[in-house]
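Some notes on the structure that comes next.
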Amino acid sequence: MLPKVSIIVAIYNVQEYLPQCLESLTAQTYKNLEIFLVDDGSKDRTVEEVKDLRKRDERVHLISFSRNFGKESAIYAGLQKAKGD
């Protein structure tokens, strides 16, 4: 079996860019992925956009903070959940 790869993306107020980003990630030829989108307290519709995108691909996971803690905290939260090799 192929090793699992974890991708962690810190996101903040990026609703208009998310579809293109996720399309690029999910279209990879390597399929044994888990994708963590870590929302760092967005004020726009970023979280709603991720929830819609998650319905199309079970490899996508959402971690959401209620306020902005910074990119480093977002990445660390993703690392705590990642199960990739």
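The values are calculated or read from the model by the stated rules, or taken from the named source; none is laboratory data. What you see is a predicted model, and the numbers here were worked out from it, not measured in a lab. Ideal geometry is used to build each Cβ from the backbone, glycine not excepted, and the neighbour counts take in all protein chains shown. With ligands, DNA and RNA removed, areas are computed over all heavy atoms of the protein, side chains included. Shrake-Rupley method; radii C 1.70, N 1.55, O 1.52, S 1.80 Å.
A few points about this structure:
- All positions within the stretch 70-85 that are out of contact with any strand residue (DSSP E or B) (no Cβ under 6 Å at 6 or more places or on another chain) and either within 13 Å of residue 19 (Cβ to Cβ) or of a type in the set (A, V, I, L, M, F, W, C) (or both): 79
- Number of the condition not met by residue 78 [criteria: (1) over 9 Å from the mean Cα position of the chain (by Cα); (2) touching a residue at least 60 places away in the same chain (Cβ under 8 Å)]: (1)
- Within the stretch 1-25, the residues that satisfy the criterion of being in a loop (DSSP other than H, G, I, E, B), in contact with a Ser or Thr (Cβ under 9 Å, 6 or more places away or on another chain) and either in contact (Cβ under 8 Å) with a residue 40 or more places away in the chain or open to solvent by less than 50 Å² (accessible area, probe 1.4 Å) (or both) are 12, 14.
- Listed by first and then second residue, the pairs linking a residue in the stretch 48-69 that is touching a residue at least 12 places away in the same chain (Cβ under 8 Å) to a residue that is of a type outside the set (S, T, N, Q) and open to solvent by 60 Å² or more (accessible area, probe 1.4 Å), with Cβ atoms under 8 Å apart and 6 or more places separating them unless they lie on different chains, are 60/54; 61/54; 61/81; 62/51; 62/54; 63/81; 68/12.
- Candidates are the residues of the stretch 36-85 that are among the aliphatic types (A, V, I, L, M), in a strand (DSSP E or B) and touching an Asp or Glu at 6+ places or on another chain (Cβ under 8 Å); the one that is surrounded by the most Cβ atoms within 10 Å (Cβ to Cβ) is 63.
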